[in-house]
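Structure incoming, see below.
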Amino acid sequence: MNDARPPLERNVKALGAVSLLADVSSEMIYPLLPLFVTTVLGGGAAMLGTIEGMAETTASLLKLASGWWSDRVRRKPLVLFGYGVSAIARPLIGLATAPWHVLAVRMTDRVGKGVRTSPRDALLAASAAPEARGRAFGFHRAADNLGAFVGPMVAWALLQGPGLSLQQVFLWSAVPGALSIAVLVWFVGEKPRAAASDAPVARVAPSAEPLGAPFWRYLAVVGLFTLGCSSDAFLLMRASQLGVATALIPVLWATHNLLKSLASTPAGSLSDRIGRKPVIVVGWIVYAVVYLLFARATSVWQAWALFAAYALYLGLVEGVEKALVADLVPTARRGRAFGWFNFTVGIAALPASVVFGLVWQRWGAATAFGMGAAFAGVAAVGLIALVPSAQQQREPGRE
């Protein structure tokens with residue numbers, strides 16, 4: 001019953017607001033980045049894949065380290081530092097005059113993301129009641145995706161209204177980035193950890209409290225899926241290839257993110273009731289079908305329909321995948337677990353994006369998208385066969 005659900009804590013709502021504003025800033029840039037790199041700066045598909053892959057790899061290495069460290073120190077300062085670095089660096093893409101400038105800025109931006117993500121996820125898990133964990137992560141993803149809807153619409157309005165250049169739009173992204181820092185400083189609190197959990201963190205070697213075989217099997221399957229999950233920049237390139245007008249690319253991306261936002265919280269709540277694994281499996285199957293259809297698409301309306309279906313996949317899995325991480329590991333090791341999860345997803349992004357770009361450039365978009373669908377199908381089978389359903393009961397040491 002909905003009336004029996006515990007309310008979301010203030011920290012959950014505040015972290016959602018921070019992500020919303022940060023994503024407004026980020027998504028004023030991201031859907032326009034493929035066009036900027038390939039048209040204005042003269043880079044190709046392989047260069048775009050290299051930029052995105054190296055940027056995400058940079059974030060991944062830091063997600064692992066910051067997750068491990070956040071089990072030993074206060075988490076909010078790490079989160080604040082990470083958001084601050086990104087807020088300062090991100091608008092500097094507006095000053096880029098060569099593809100390598102974009103690479104440098106994107107990597108700096110991802111340093112911030114790498115530092116903040118795992119501590120933030122652990123802080124979010126600590127701020128949610130166990131029986132509402134899926135809903136909390138779903139709410140956070142909904143807020144994040146709402147920002148990803150607002151950002152492209154702001155970019156579109158600035159391009160269409162005052163007629164700003166792409167570079168000027170990128171510079172204006174500094175405003176919502178600064179607001180996200182203000183919300184984080186004033187409204188997000190450190191979540192105290194019980195003394196019983198804190199003492200072992202400081203004194204016991206990490207191997208003394210293992211993350212467990214189910215977690216590592218889950219991580220392996222997620223890594224396999226991610227190897228076929230290239231940067232969304234390629235989907236935007238495909239949309240442009242199918243005839244979506246440049247001025248409408250931000251609108252397409254915004255609509256996609258609005259649909260993600262609408263799906264995320266219900267998907268998280270559903271996973272609280274039926275379990276995480278069925279929701280993730282359905283999401284990965286949707287991904288495989290969407291990629292197969294992207295390979296065969298031939299018209300503008302198909303691009304819009306497929307972006308809507310792709311939003312459903314993301315709404316189903318983004319929050320639920322992280323809620324499953326929190327379910328599978330001891331409370332005192334959540335920062336490290338989220339570090340490994342985010343590291344695995346991000347480190348696989350480099351080969352995924354670089355190989356996808358090379359395959360596209362050599363054999364065409366249809367082959368590249370078919371390859372991604374194949375990885376997703378195999379990963380879905382692996383999740384069913386190798387990963388147990390998360391135990392929703394509260395075990396000693398976990399809560």
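What follows draws every value from the coordinates through simple rules; no lab data is involved. These numbers come from a predicted model, not from an experiment. Note that we place each Cβ from the backbone using ideal geometry, even for glycine, and neighbour counts take in every protein chain shown.
Any idea which of S173, A132, F234 is furthest toward the positive side of the dipole for the chain, if Lys and Arg beta-carbons carry +1 and Asp and Glu beta-carbons -1?
A132
Show me 150-157, 289-296 ranked by packing, highest mean number of other Cβ atoms within 10 Å first.
The packing order, highest mean first, is 150-157, 289-296.
For the chain, what is the calculated [θ] at 222 nm in deg cm²/dmol (nearest 500), taking -39500 (n - 2.57) for each run of four or more DSSP H residues and dividing by its residue count?
-25000 deg cm²/dmol
Between beta-carbons, use under 14 Å as the cut-off and find the net charge around A267, counting Lys and Arg +1, Asp and Glu -1.
Residues near A267 contribute +4 overall.
Also: Given labels modelled 7 Å from the Cα in the Cβ direction, how far is it in nm from V381 to V289?
1.9
Label T97 and V185 with points 7 Å out from Cα along Cα→Cβ: what is the distance between them in nm?
In this crude label model, T97 to V185 measures out at 3.4 nm.
Okay, next question. Using 7 Å Cα-to-Cβ label points, what is the V300/T367 separation (nm, one decimal)?
About 3.0 nm separates the two model spin labels.
Something else about it: Would you list which lysines come within 18 Å of K322, measuring only between C-alpha atoms, while excluding same-chain residues fewer than 8 positions from it?
K13, K63, K113, K260, K277
Treating the beta-carbon of each Lys and Arg as +1 and of each Asp and Glu as -1, no other charges, what is the dipole magnitude of the range 1-72 about its Cα centre, to the nearest 20 debye?
About 180 debye.
Out of G243, G228, G114, any idea which swings most in a Gaussian network model of the chain, alpha carbons joined below 10 Å?
The residue that fluctuates most here is G243.
Which one, (i) 0.94; (ii) 1.09; (iii) 1.04, gives Cα Rg over 2.2 N^0.38 Å as derived from the coordinates shown?
After the calculation, the listed value that fits is (i).
Stretched out fully, how many nm does the piece from Q160 to I88 gain, at 0.36 nm a residue minus the Cα gap?
Contour length minus the Cα-Cα distance gives 23.3 nm.
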